[in-house]
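J.: What follows is a structure written as structure tokens; I'll ask about it next.
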Amino acid sequence: MRKTRTMFAGHVAVVALILLDVVIAPGSDDSRQPAALDTLFEESENIVQQRELRCKQLLAILADPENSAGDRITAAKLLGQLKCEAAIPALLQHIELQRPFDAETSPPLAAVLAQFGDAAMPEIISACLEEDRFVINGGALKGRSVLPYLHAIREGRMIESAHVYCVGLGAIHANDPERVRKIKGLVARLEKLRN
């Protein structure tokens, strides 16, 4: 038992000396260090390229209506996990991919958008304001529901920043009464989410 401890202590000492040489003495003539950095940089660049490729592939799956809703939702979830901000417009476009949802039930793509947090918030607000989504046209609701967007704002904990953003938009568009009306309507809904 004593011999094993001594051997183990000897191995630990060797490892510690190697680490000290690499970490504490970076300017030493150890030729392994620059090669290790080159390898790290090369592998990191490969990961970045792989991520970009995967994002493009997953975006294509999400956008193709020939794919099943399940496959499209899986692609969307992976885009969120990869933090592919280029996917935000596509996620907004397909936010109602799976129904039913209501004030209590969040659509899966709203949860994906929420993963982007404040990075997605301006585009979510713009989507909310694109058209008057609450106008009744011949007894039917015109346009898509704003509920999935509100779910994304709530789940992404963006209520406060979305509120501030909307107030700022109201000031910027003060000369456009129709736009101000829509912004005020959205601000009122955000205030309900706060409570």
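J.: Given the conditions (1) modelled with pLDDT of 95 or more; (2) open to solvent by 80 Å² or more (accessible area, probe 1.4 Å), report the number of the one that Leu59 does not fulfil.
T.: The single condition Leu59 does not satisfy is (2).
J.: Only one residue in Glu66, Glu52 is in a helix (DSSP H, G or I), acidic (Asp, Glu), farther than 23 Å from Ile153 by Cα and open to solvent by 60 Å² or more (accessible area, probe 1.4 Å), so which one is that?
T.: Glu52
J.: Please specify each residue of segment 70-110 satisfying the condition of being open to solvent by 40 Å² or more (accessible area, probe 1.4 Å), modelled with pLDDT of 90 or more and aliphatic (A, V, I, L, M).
T.: Leu78, Leu82, Ala86 - these are the residues of segment 70-110 that are open to solvent by 40 Å² or more (accessible area, probe 1.4 Å), modelled with pLDDT of 90 or more and aliphatic (A, V, I, L, M).
J.: Further question on the same structure: Looking at segment 152-179 only, could you name the residues that are acidic (Asp, Glu) and under 26 Å from the mean Cα position of the chain (by Cα)?
T.: Glu155, Glu160
J.: Of all residues in segment 122-152, count the ones that are at pLDDT 90 or above and crowded, with 20+ Cβ neighbours inside 10 Å.
T.: 2
The values are calculated or read from the model by the stated rules, or taken from the named source; none is laboratory data. None of the values given here were measured: they were computed from a predicted structure. With ideal geometry, Cβ positions are generated from the backbone for all residues, glycine too; neighbour counts draw on all protein chains shown. In case anyone asks, the SASA skips ligands and DNA or RNA and just uses the protein heavy atoms, side chains included. Shrake-Rupley method; radii C 1.70, N 1.55, O 1.52, S 1.80 Å.
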